[in-house]
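The values are calculated or read from the model by the stated rules, or taken from the named source; none is laboratory data. Since we're looking at a predicted model, the values are computed, not measured. Don't worry about glycine lacking a Cβ; one is built from the backbone with ideal geometry, like all the others, and counts go over all protein chains shown.
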Amino acid sequence: MPVADIARLADHVGQLVAIKGWVHHLRSSGKVRFMVVRDGTGLVQGVLVKGQLPEADFAAFDRLTIESSLTLKGKVRAEARAPGGYELEVTRVEPLNLAQDYPISPKEHGVAFLMDHRHLWLRSPRQQAILRVRDEVCRACRDFFHDRGFILVDTPILTPTACEGTTSLFETDYLDRGKAYLSQSGQLYLEAAAMALGRVYCFGPTFRAEKSKTRRHLTEFWMVEAEAAFYTLEDVMELAEGLVSYVVSQVLARHRRELETLERDLAPLEAAVPPFPRISYGEAIARLQEMGNDMAWGEDFGGDEETVISQAFDRPVMVHRYPRSCKAFYMEADPEAPELALCVDMLAPEGYGEIIGGSQRVADLETLLARLEEHHLPREPLEWYLDLRRFGSVPHSGFGLGIERLVAWLCGLKHVREAIPFPRLLDRLYP
Ligand code: 4AD
Ligand code: MG
């Protein structure tokens, strides 16, 4: 008897199959018993009719509990009214593990309770849908870069220096060599790889000891970063726009069912086609001030400002050329306005905030040395990075996309904590 995925029951109509999974729902009505079983690929209803299966198997139903594991055997029947479109005429019930009283019920639970039970919460239809969308996002990112000749280069997680400011570094003892830090970004290493391979990307976990407790911040998140030799800020904006619109289109094309489960309004996703609007930081500040926000020129935007700016557009907006004073040390100055950085942030619609940060990088050795000093960054552990400016330096640019922020927007989540299987937050390291 073949073991069938519930999602593929269409291939088995009229056949006897085995389904291996967990009990999702149980219901009795007279001489008939119904159980909805899930196997990770979908849900199917099994129908048990007294007399049509061994008495012991029929009786086994009464011992089953929610989330018990089992093998269910039966004949597949098309049934338009059933969720998924198929039903199983059950011939055998083979319990594997009878679950104890399952703590998560269909009734409302508080967020803290659900987060404490994240390992079980993942089994719920909504969380499964989010994880499937996340899988698609990761696949689409890889395909996008691969198709454009970007080479995957894995960057280290243990690093000797900061990349994105020293205030959000996770520190750890590194054997007898003193301190190491968990990577805040693979960018610096990616720059080295771009000088070897031209166009490169990395995709991995990223760490920020963020003291901020917002719905957009994790202390461990996944970032896909691209870097390309000879790319300018303009090139990188086009690349970022291409990536995001591609990922959105893939999710829309392949995951309608999940978006439906999440009750996601599709209109904002369908609108995310190029060209994305581009405005300068200066324009953004002017718009904010017009709307009564008293943000002064020179400050970086917070979540509130990002929300206000993005609300003026129906698709992701790219804000470019922020003041250098509020951005990272490695950003190239705008030759037309040296107080500005050749950088871009992409803000997602609907208040989801910054999903991408990128820039053109400082190409000149003396300029970079001055920057390290301005930012009080030690030179010695970055000598290798300085070498990139000593041996055939070229203009180059790149960006990083935060996977959870993108997934949160795509799925319409209130908080990024649901966009990652096991979130790490300011106040959470369990489970
Ligand atoms: O803007 P960030 O800090 O840029 C960099 O790290 C660059 N070195 C990337 C590059 O140019 N190669 O971070 C990039 C993105 C943000 O736009 C955001 O989507 C995400 O990473 N991000 C976070 N996501 C969740 N939690 C946090 N604490 C995040 N910090 C950044
Ligand atoms: Mg940023």
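Of everything in segment 164-184, what is surrounded by fewer than 19 Cβ atoms within 10 Å (Cβ to Cβ), away from ligand 2 (no atom under 16 Å from the Cβ) and of a type in the set (Ser, Thr, Tyr)? Give them in sequence order.
Across segment 164-184, the qualifying residues are 172, 174.
Consider only pairs whose beta carbons are under 6 Å apart and that are at least six residues apart or on different chains; among these, list those whose first residue lies in segment 158-172 and is over 21 Å from residue 426 (Cβ atoms) and whose second residue is within 16 Å of ligand 2 (Cβ to nearest atom) and at pLDDT 95 or above.
Close Cβ pairs (under 6 Å, with a partner that is within 16 Å of ligand 2 (Cβ to nearest atom) and at pLDDT 95 or above) amount to 159/183.
For segment 351-431, which fully contained helices (runs of 4 or more DSSP H) count at least 1 residues that are crowded, with 18+ Cβ neighbours inside 10 Å and of a type in the set (Ser, Thr, Tyr)?
On the way: elements: 365-374, 383-387, 403-411.
Because the criterion is at least 1 residues that are crowded, with 18+ Cβ neighbours inside 10 Å and of a type in the set (Ser, Thr, Tyr), the helices (runs of 4 or more DSSP H) in segment 351-431 that meet it are 383-387.
Output the number of residues of segment 217-250 satisfying the condition of being surrounded by fewer than 20 Cβ atoms within 10 Å (Cβ to Cβ), closer than 21 Å to residue 303 by Cα and touching a helix residue (DSSP H, G or I) at 6+ places or on another chain (Cβ under 6 Å).
Looking only at that region, the number is 0.
Look at segment 332-345 and say how many of its residues are within 13 Å of ligand 1 (Cβ to nearest atom) and not in a strand (DSSP E or B).
Adding up the residues that qualify gives 2.
Residues that are of a type in the set (D, E, K, R) and within 14 Å of ligand 1 (Cβ to nearest atom): does segment 346-356 have at least one? It would help to see each step written out before you state the result.
Step one: of segment 346-356, the residues of a type in the set (D, E, K, R) are 350, 354.
Next, only the ones that are within 14 Å of ligand 1 (Cβ to nearest atom) stay: 354.
Yes, segment 346-356 contains a residue that is of a type in the set (D, E, K, R) and within 14 Å of ligand 1 (Cβ to nearest atom).
So, in segment 223-255, of the ones that are acidic (Asp, Glu) and either at pLDDT below 95 or not in a helix (DSSP H, G or I) (or both), which residue ends up nearest to ligand 2 (Cβ to nearest atom)? Steps first, answer last, please.
So in segment 223-255, the residues acidic (Asp, Glu) come out as 225, 227, 234-235, 238, 241.
Going one step further and asking which of them are either at pLDDT below 95 or not in a helix (DSSP H, G or I) (or both), we end up with 225, 227.
On the way: 225: 12, 227: 16 Å.
This residue is 225.
Take the residues of segment 302-331 that are over 22 Å from the mean Cα position of the chain (by Cα) and within 12 Å of ligand 1 (Cβ to nearest atom): which is surrounded by the fewest Cβ atoms within 10 Å (Cβ to Cβ)?
In this case the residue turns out to be 326.
Kindly list the number of the only condition in (1) among the aromatic types (Phe, Trp, Tyr); (2) touching an Asp or Glu at 6+ places or on another chain (Cβ under 8 Å); (3) under 23 Å from residue 408 (Cβ atoms) that fails for residue 329.
For residue 329, the failing item is (3).
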